[in-house]
Number of protein chains: 2
Amino acid sequence: MNNIYIIGVGLIGGSMALDIKSINANARIFGIDSNASHLDEALKLNIIDEKATYNNLADADLVVLSIPVDKAVSELPKVLDAVSDQTLVFDVGSTKLPVCKAVEQHDKRRNFLATHPIAGTEFSGPKAAIHDLFQKKTNIICEVEKTTFKLQEKALQLFSDLGMRIRYMNPEAHDKHIAYVSHLSHISSFMLGKTVIEKEKNERDIFDMAGSGFESTVRLAKSSPAMWTPIFKQNKNNVIETLDEYINNLKQFKTLMESDDFDEIYNEMQNTNHIKDILNGIA
Amino acid sequence: MNNIYIIGVGLIGGSMALDIKSINANARIFGIDSNASHLDEALKLNIIDEKATYNNLADADLVVLSIPVDKAVSELPKVLDAVSDQTLVFDVGSTKLPVCKAVEQHDKRRNFLATHPIAGTEFSGPKAAIHDLFQKKTNIICEVEKTTFKLQEKALQLFSDLGMRIRYMNPEAHDKHIAYVSHLSHISSFMLGKTVIEKEKNERDIFDMAGSGFESTVRLAKSSPAMWTPIFKQNKNNVIETLDEYINNLKQFKTLMESDDFDEIYNEMQNTNHIKDILNGIA
């Protein structure tokens, strides 16, 4: 795959472009982005070799669709309309059911692979693109059986070259579970940031008291609203379910404190401590 | 200060011992701990030079009291009873009002300095002790005026040698604000871990889907219940206030989602994004 089109030259698309260039010296990277200054920046940073438009997509061997999930749903059918029968198209969005639904009846459904690389940072835009972002990360693939076998093979080779391990899931299960292990974390972090900023707005010195623990828990509150708003919208029901459970657990903790049941608070924390073992599998 | 007594040879006490030895080749570190195996471990790891008991404290130049805050309140008066008029004693606990109250009438109140080094990791015990833990960290000192000037000077010299910057606060303000920037983060993290573990207890594979974002937000859920339970107990009223505000913000976010007000969700996240600038001052 030499003619690579990256639609959305931000953190994920840009990082993928950088790695593809390292893997394949013959790759030529074409960038498409609705944000003209991002496109200029990506060119300047040598993330892409050339600007392009949908009119050029017929020449593409690979199209990486790395734009916010609301845009992906509306753009993917147009991308499939424009590519050739031999082109592999994959998305990288954090919700999978809406994008799969958007193209289920499309003539070129078999050119598309629905993926979610579990990789990223709290930063965004071309400047956030980094080498080796995908090394040892998980890539979740949905509805693999709906993609042409030859294009599946090409995709798996690329993901392997990028250093990723693969998990297969159906899009419903993906969206349900990712709400717990990713979407909820972002909300808990944003609301923690909000709570502290509101309280301490007149006392900026207070942040001198904040240590690495606070920094770690609010890190995700730096994330892009343009990326996350459509994720919450598309995954509304699952996210609301996680929020309900999270709020209930917090209320229960508060009740334990109010009733001075610190033995039970100790137990709660001890029971949750085994997150250590679980996280050992992630890092 | 050559005769250094560390009461509680865990993460904070142990790390302080390691740095004091680096700063002062003549320092001799004596360890006191209710946990005999921790004491053996600290000796084996060369964190302490010798085991000791309160009977030896009359010889101490410095006593670092680095034990859970409930124990600190009951032990500090006994420590002050045992030391000489020239001994500096400081604690390192995450609540300051109870420890200050515990010794306000003590004959040797002027030997004591109430401090809170904003430093640590999610690990505990002697094995968790590391060099340079305090470099560029903030140390909050409360009621400095109640400590003998000469002992203040010695303490400030040590904190400066450890690489710390100093902030002075009264204990009430410390306990109120630290609830926001530290204690609440721990609860949000523990409850996030609990929510996800409960949901996914039968589907351990799901944690393959968790990325660095989840890891960052639940990191503090690895923390020691023995350390944190008494902190929440001592700072109950302030912590409940932060929990109330956090829960309200989460409920409001959920209401926005239920009413499909994603414009306002975007605004909420954008308003909180400036946590970036605030955090730049921390890291």
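The values are calculated or read from the model by the stated rules, or taken from the named source; none is laboratory data. Just so it is clear, the model here is predicted, and its values are computed rather than measured. Glycine gets a Cβ as well: all are built from the backbone with ideal geometry, and neighbour counts include every protein chain shown.
Conditions tested, residue by residue: (1) over 23 Å from A:V99 (Cβ atoms); (2) of a type in the set (S, T, N, Q); (3) in contact (Cβ under 8 Å) with a residue 12 or more places away in the chain.
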{"position": "A:N35", "(1), (2), (3)": "no, yes, no"}
{"position": "A:I48", "(1), (2), (3)": "yes, no, yes"}
{"position": "A:T53", "(1), (2), (3)": "no, yes, yes"}
{"position": "A:V63", "(1), (2), (3)": "no, no, yes"}
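Suppose the filter is over 18 Å from the mean Cα position of the chain (by Cα) and within 14 Å of chain B (Cβ to nearest Cβ); does A:K194 pass it?
yes
Do we find that B:A82 is closer than 27 Å to B:H177 by Cβ, assigned by TED's automatic domain parsing to the domain that holds B:N26 and small (G, A, S) in this structure?
no
So which residues in segment A:86-142 are within 15 Å of A:G10 (Cβ to Cβ), touching a His at 6+ places or on another chain (Cβ under 7 Å) and not hydroxyl-bearing (S, T, Y)?
Within segment A:86-142, A:V92, A:G93, A:G125, A:P126 meet the criteria.
Looking at segment A:119-147 only, could you name the residues that are of a type in the set (V, I, T) and either outside the structural domain of A:G13 (by TED's automatic domain parsing) or over 27 Å from A:S37 (Cα atoms) (or both)?
Residues satisfying the conditions are A:T138, A:I140, A:I141, A:V144, A:T147.
Could you count how many residues in segment A:161-183 are surrounded by fewer than 21 Cβ atoms within 10 Å (Cβ to Cβ), in contact with a helix residue (DSSP H, G or I) (Cβ under 8 Å, 6 or more places away or on another chain) and within 16 Å of A:G93 (Cα to Cα)?
So the answer is 6.
If a residue must be part of a helix (DSSP H, G or I) and surrounded by fewer than 16 Cβ atoms within 10 Å (Cβ to Cβ), how many such residues does segment A:252-263 contain?
Matching residues across segment A:252-263 total 4.
I'm told B:S216 meets every condition in (1) touching a residue at least 40 places away in the same chain (Cβ under 8 Å); (2) at the interface with chain A (Cβ under 7 Å from one of its Cβ atoms) except one. Can you identify the failing condition by its number?
Only one criterion in (1) touching a residue at least 40 places away in the same chain (Cβ under 8 Å); (2) at the interface with chain A (Cβ under 7 Å from one of its Cβ atoms) is unmet by B:S216, namely (1).
Is it true that some residue in segment B:235-251 is over 20 Å from A:M191 (Cα atoms) and buried (at least 23 other Cβ atoms within 10 Å of the Cβ)?
yes
Being crowded, with 21+ Cβ neighbours inside 10 Å and among the hydrophobic types (A, V, I, L, M, F, W, C) is the filter; apply it to segment A:21-56 and report the residue that is farthest from A:F90 (Cα to Cα).
Here the residue is A:A42.
Of the conditions (1) surrounded by fewer than 16 Cβ atoms within 10 Å (Cβ to Cβ); (2) in a helix (DSSP H, G or I); (3) acidic (D, E), A:E75 clears all except one; give me its number.
(1)
When you scan segment A:222-252, how many residues do you find that are within 8 Å of chain B (Cβ to nearest Cβ) and over 26 Å from A:A173 (Cα atoms)?
Going through segment A:222-252 one residue at a time, the tally reaches 2.
Residue by residue through segment A:184-208, note down the ones that are surrounded by fewer than 23 Cβ atoms within 10 Å (Cβ to Cβ) and more than 16 Å from B:K276 (Cβ to Cβ).
A:E198, A:K199, A:N202, A:E203, A:D205, A:I206, A:D208
Just to be sure before I move on: is B:L133 more than 9 Å from chain A (Cβ to nearest Cβ) and either free of Cβ contacts under 8 Å to residues at least 12 places away in the same chain or buried (at least 17 other Cβ atoms within 10 Å of the Cβ) (or both) in the structure I sent?
yes
In this structure, is B:I166 under 16 Å from the mean Cα position of the chain (by Cα), within 29 Å of B:I275 (Cβ to Cβ) and more than 7 Å from chain A (Cβ to nearest Cβ)?
When the stated conditions are applied, B:I166 passes them.
With the requirement that a residue be modelled with pLDDT of 95 or more and not in a helix (DSSP H, G or I), what does segment A:202-242 give you?
A:N235
Is segment A:182-191 home to any residue that is more than 8 Å from chain B (Cβ to nearest Cβ), out of contact with any Pro (no Cβ under 7 Å at 6 or more places or on another chain) and of a type outside the set (F, W, Y)?
Checked against the condition, which is being more than 8 Å from chain B (Cβ to nearest Cβ), out of contact with any Pro (no Cβ under 7 Å at 6 or more places or on another chain) and of a type outside the set (F, W, Y), segment A:182-191 yields at least one hit.
Enumerate the pairs (first residue in segment A:96-125 and under 16 Å from A:I166 (Cα atoms) and within 13 Å of chain B (Cβ to nearest Cβ); second residue anywhere and of a type in the set (G, A, S) and part of a loop (DSSP other than H, G, I, E, B)) with beta-carbon separation below 8 Å, excluding pairs fewer than 6 apart on the same chain, so at least 6 apart or on different chains.
Sorted first by the residue in segment A:96-125, then by its partner, the pairs are A:H116/A:G93; A:H116/A:S94; A:I118/B:A210; A:I118/B:G211; A:A119/B:G211.
Checking the conditions here, which among A:I247, A:I240, A:I275, A:I231 is under 28 Å from B:I275 (Cα atoms), of a type in the set (V, I, T) and in contact (Cβ under 8 Å) with a residue 24 or more places away in the chain?
It is A:I231.
Looking only at segment A:143-160, decide whether some residue is modelled with pLDDT of 95 or more, within 10 Å of chain B (Cβ to nearest Cβ) and either under 28 Å from A:T229 (Cβ atoms) or buried (at least 16 other Cβ atoms within 10 Å of the Cβ) (or both).
no
Residues in segment B:242-256 that are farther than 20 Å from B:V181 by Cα and of a type in the set (A, V, I, L, M, F, W, C): how many?
2
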